[in-house]
Structure formats: C-alpha cells, structure tokens
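First comes the structure, then the notes that go with it.
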Amino acid sequence: MNNPVEPGPRRSPLAAGIVLIVLGALLLALNLGWDIPFALWDFWPVFLIVPGIVALISPTRHLSRSGGLWLVATGLYCQIASSDWLGLGWFTAWPIFVIAYGVDIIVGRDAQRAAPHTEEQVSHER
C-alpha cells in the first residue's frame, strides 16, 4: 500500500531572518560608532534561552528536548557569567553544565520509555 507521507508544517524563515537583520544592523551601527545602549548587550544570552525553552515545550525534528535543554543551560551559563549573578563568573558558573547533564540523562530515559516500540524491526540475520 502506498501511504503518502505528508510533510509537516513548513516553517517560515521569517523569524530567523529578522533576528539576523536586527543583529547585523546593531553590529554595523556599533562599528560605525553610533551610540547603542550597552545595557541591551547584557542580555544577549536570551537569544539562546528562548529557543531552548521553545524546544523543551515543543520539540521538533530540528531541535529535540535534549538540544533545547543544552541551549537553555548554555544561555543560563552565559547570562550568569556575563552579569556576575550570585557572585558567579565565567570560571565559577560551570556546574550548570553538570546539572544540565543530569537532567538530560533523566529526560532522555523518560523519552526512551515513552517512545513506542514497534515489532517491525529490520533483521539483518537470515
């Protein structure tokens, strides 16, 4: 039987394009010597954290929950380190990655248990 595979919803590159245009414009303005509020630069890790949270909530074939978790962990590490939150810096905030690895192990096992096991496995034996 022919079961045509319906492609998933096509994602628009509009959001990624807008982010790159805005980022490029800000960097160009900075190189041209324009005054840019540097307080905004303190929150650049948000561009890692937000897609990570989206992937945790609604994973896609391009970004799994595990990938989202690592984006959030990297974004949090960069935000904490660059802002000196809780007195942590670049060399002292690294335990975030140990915590993220532990969560990834737990989430990965839960995802494996939740995945349906099919009986139609291909056998290479004859």
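Before moving on, here are some points about what is shown:
- Tally of residues being within 19 Å of Trp44 (Cβ to Cβ) and surrounded by 15 or more Cβ atoms within 10 Å (Cβ to Cβ) across region 56-96: 17
- Within region 71-99, residues that are farther than 15 Å from Val50 by Cα have Cβ atoms under 8 Å from residues that are acidic (Asp, Glu) and at pLDDT below 85 in these pairs: Ser82/Asp42; Ser83/Asp42, counting only partners at least 6 apart in sequence or on another chain.
- Counting only residues that are over 30 Å from Val107 (Cα atoms) and not hydrophobic (A, V, I, L, M, F, W, C), region 23-69 holds 6 of them.
- Filter result (of a type in the set (Phe, Trp, Tyr) and within 12 Å of the chain's Cα centre (by Cα)) within region 21-69: Phe47
- Residues of region 46-79 classified as among the small types (Gly, Ala, Ser), over 11 Å from Ile96 (Cβ atoms) and in contact with a helix residue (DSSP H, G or I) (Cβ under 8 Å, 6 or more places away or on another chain), total: 6
The values are calculated or read from the model by the stated rules, or taken from the named source; none is laboratory data. This structure is a prediction, so every number in the text was calculated from the model and none was measured. Note that we place each Cβ from the backbone using ideal geometry, even for glycine, and neighbour counts take in every protein chain shown.
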